[in-house]
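Notes follow the structure.
What follows draws every value from the coordinates through simple rules; no lab data is involved. In this text, all values refer to a predicted model and were calculated from it rather than measured experimentally. Cβ placement follows ideal geometry from the backbone for every residue including glycine, while neighbour counts extend to all protein chains displayed.
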Amino acid sequence: MLDTLKELIDETSLAQTLNPEERLTSEGVNWQDYETLLAKLEDNSHYRVSYLDGVLEILSPSSQHEKPKTRLASLIDFYFYKKQIQAIPLGSTTFRNQLKQAGAEPDESYCIGSEKAIPDLAIEVIVTSSSINKLEVYRRLGVAEVWFWRNNQLSLYHLREETPTLFEQTRGYEQIAISELLPELNISLLEECTLIPTLIAAFERFEAGL
C-alpha cells in the first residue's frame, strides 16, 4: 500500500500514468494517505481527486471534459448576473468529511444566497465512467443538488434527506427535470447553448432565451 501511495503522490509518475482522460483508482487508501495526496497536489489544479470508503480516484481531465465544463460555468455565471441572483462560485474546491469517509472536487460548485462550508450545487462532467458513486459522496457531504453533464445533456438530482428510502438506487437523491435551486432556469436552453461551438453565439442564444 505504501509503495502504491508513493507512486500516486509522485507528480512525475502520475503524469506518465494518466492519459488525457484516464482515471487512476487505488483501493485500501486510508484518510491520512488521502490528505497526503491532496497536500501533494495542492498547487496542481489539473487533477480531480475523489475519495469514498478507502477508494481513491484521480482524474486527469481532457479537452472533451473541460470544454463543456467551462461553457456551463460561463452560462451559469451569466444567468446569475442577468437574474441578479447572489451566488458564490467555488469551482473545484476540495470538500471532504473524515467522519463520513468522503471527499470530492466537483468540476464546478456554487453556494446560492450566502457562502457555506458545503456548496448547494455541484456539477460534474462525465466523459469516462467512475469507480466511485459520486451521488453517495455528495450525499455524505450534504450537497443539496448535483448536476451531471453526460452524453451532451444534463441530469439533475436533488437530495431528499427526509425520505432517503424512496431513492435508494440514487443514494437519497431524486432525479428532477427542473432545478429546485434555480427553478426559472431553462435546462433545455442551457444544454443547447453549452453545445454551441462559439462563445458569443452561445451567449446571444442564451440571453435571447431567458
**Highest average packing first - 102-113, 68-79, Cβ atoms within 10 Å** = 102-113, 68-79
**Fill in**
Note, segment 121-127: 3J(HN,Hα) by Karplus (6.51, -1.76, 1.60, θ = phi - 60°), whole Hz, Gly/Pro = x, goes 10, 10, 10, 10, 9, 10, 10
**Asked** Magnitude of the Cβ-charge dipole of the chain, K/R +1 and D/E -1, about the Cα centre, nearest 20 debye?
**Response** 300
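Based on the alpha-carbon gyration tensor of segment 95-138 and its eigenvalue square roots a ≥ b ≥ c, which shape applies: rounded if a/c is under 1.5, prolate if not and a/b is larger than b/c, or oblate?
On the way: a/c = 3.01, a/b = 1.28, b/c = 2.35.
Verdict is oblate for segment 95-138.
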**Item:** Sum of -39500 (n - 2.57) over DSSP H runs of 4+, divided by residues of the chain (222 nm, nearest 500)
**Value:** -10500 deg cm²/dmol
**Asked** If one puts a single equal scatterer on every Cα of the chain and applies the Debye formula without solvent, what log₁₀ I(q)/I(0) results at q = 0.08, 0.12, 0.14, 0.19 Å⁻¹?
**Response** -0.29, -0.64, -0.86, -1.44
**Which listed pairs, of K67/K100; K67/K116; K83/K116, have C-alpha distances above 25 Å, in listed order** = K67/K100; K67/K116
